[in-house]
């Protein structure tokens with residue numbers, strides 16, 4: 001079979017398709033044409049079996065420049081947590097968090113906060129009132145992000161109820177910073193960036209200098225795929241296969257999408273395949289589909305919502321109806 005490389009340039013679009021034979025070419029062309037109809041979509045990169053088969057940038061910074069991946073940062077932080085545990089920086093997911101936050105904790109905490117473990121932050125089941133949604137602005141405009149989260153009322157016992165909250169992840173960032181005696185940026189560059197050969201730019205810090213946990217990290221679309229491929233193929237050189245299997249065990253469920261949630265990964269089935277995905281506001285996504293040897297990254301307009309019945313639903317449909325079937329035939 002002869003390999004065919006095609007470059008397509010049209011107004012507002014730069015795309016590269018690496019295809020094999022006329023049938024494959026037509027199939028990926030159809031995926032590209034469908035993607036082009038999605039006005040919020042900025043870019044898409046598809047890798048099958050470790051080979052980039054489609055890479056298209058419709059708008060935004062392009063394929064090789066970092067873009068804000070929003071809450072995909074939660075999945076990256078979950079992976080850094082696994083790396084910390086496997087390096088002995090943290091004793092495990094059962095570790096209580098308050099000993100690491102002793103010098104940052106405000107007085108008068110609800111006694112139930114003493115039971116919050118690393119695992120509860122990885123699954124957003126701290127029991128603390130959410131600091132995403134309506135409370136997000138007040139939180140990020142506060143003078144002490146860690147203290148603000150810890151002062152939130154306990155709405156449930158730790159480890160019981162899922163409550164989507166970036167504040168939980170910022171507590172985890174503070175725990176890692178304290179345990180490693182290093183900034184989250186240094187950890188991300190040392191444990192993700194350098195081993196994978198990808199750029200990890202600096203991002204938002206809180207008033208105390210702690211890099212934000214769970215939001216505003218930036219990766220290029222191709223770097224997103226590089227990370228996803230490392231996870232798909234067993235985790236090396238970042239984390240072990242065992243950590244991935246642990247991360248992909250359903251622990252709770254999102255009331256918004258109805259999908260299961262593990263350690264920083266949403267979990268579902270599409271087109272008959274098991275799918276783990278990282279999701280950020282606006283439609284920043286990394287999908288990993290081991291059974292189809294598939295990794296896909298998408299970036300989208302970071303200033304528009306991507307609801308499960310809107311742009312995010314259309315992204316899932318593109319994956320399920322067009323991309324996965326093509327990968328299954330490969």
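Just so it is clear, none of the values below were taken in a lab; they were calculated from the coordinates. Everything quoted here is computed from the prediction, not taken from an experiment. Glycine also receives a Cβ, built like all others from the backbone with ideal geometry; neighbour counts cover every protein chain displayed.
Observations
- Against the chain, whose longest principal axis comes from its Cα atoms, helix 221-232 is set at around 80 degrees.
- Relative contact order (%) - criterion: Cα under 8 Å, at least six apart; region: the stretch 70-184: 31 percent
- Top of 68, 135, 216 by mean-square fluctuation, Gaussian network on the chain, Cα under 10 Å: 135
- The chain: most fluctuating residue of 253, 143, 125 per GNM, C-alpha cutoff 10 Å: 143
- Gaussian network model of the chain, springs between alpha carbon atoms under 10 Å - residue of 168, 206, 110 with greatest fluctuation: 110
- On Cα atoms only, tilt of 72-86 relative to the major axis of the chain in degrees: 60 degrees
- Principal-axis tilt of helix 21-36 within the chain, Cα atoms, nearest 10 degrees: 50 degrees
- Multiplying each eigenvalue of the alpha-carbon gyration tensor of the stretch 224-300 by 5 and taking the square root yields semi-axes of 18, 15, 12 Å, largest first, rounded to whole angstroms.
- Tensor-based shape of the stretch 70-184 (alpha-carbon gyration tensor, a/c under 1.5 rounded, otherwise prolate or oblate): rounded
- Mean separation of Cα contacts under 8 Å (6+ apart) over length of the stretch 196-272, as relative contact order %: 17 percent
- Cα-based convex hull volume of the stretch 160-234 per residue, rounded to whole Å³: 129 Å³
- Using C-alpha pairs below 8 Å separated by at least 6 residues, the relative contact order for the chain is 21 percent.
- Here the sum of -39500 (n - 2.57) over DSSP H runs of 4 or more residues, divided by the residues of the chain, equals -8500 deg cm²/dmol at 222 nm, to the nearest 500.
- Footprinting exposure proxy for 36, 74, 249 (fewest neighbouring C-beta atoms within 10 Å first): 249, 36, 74
- The modelled label-to-label distance for the pair residue 25/residue 233, using points 7 Å beyond Cα in the direction of Cβ, is 2.8 nm.
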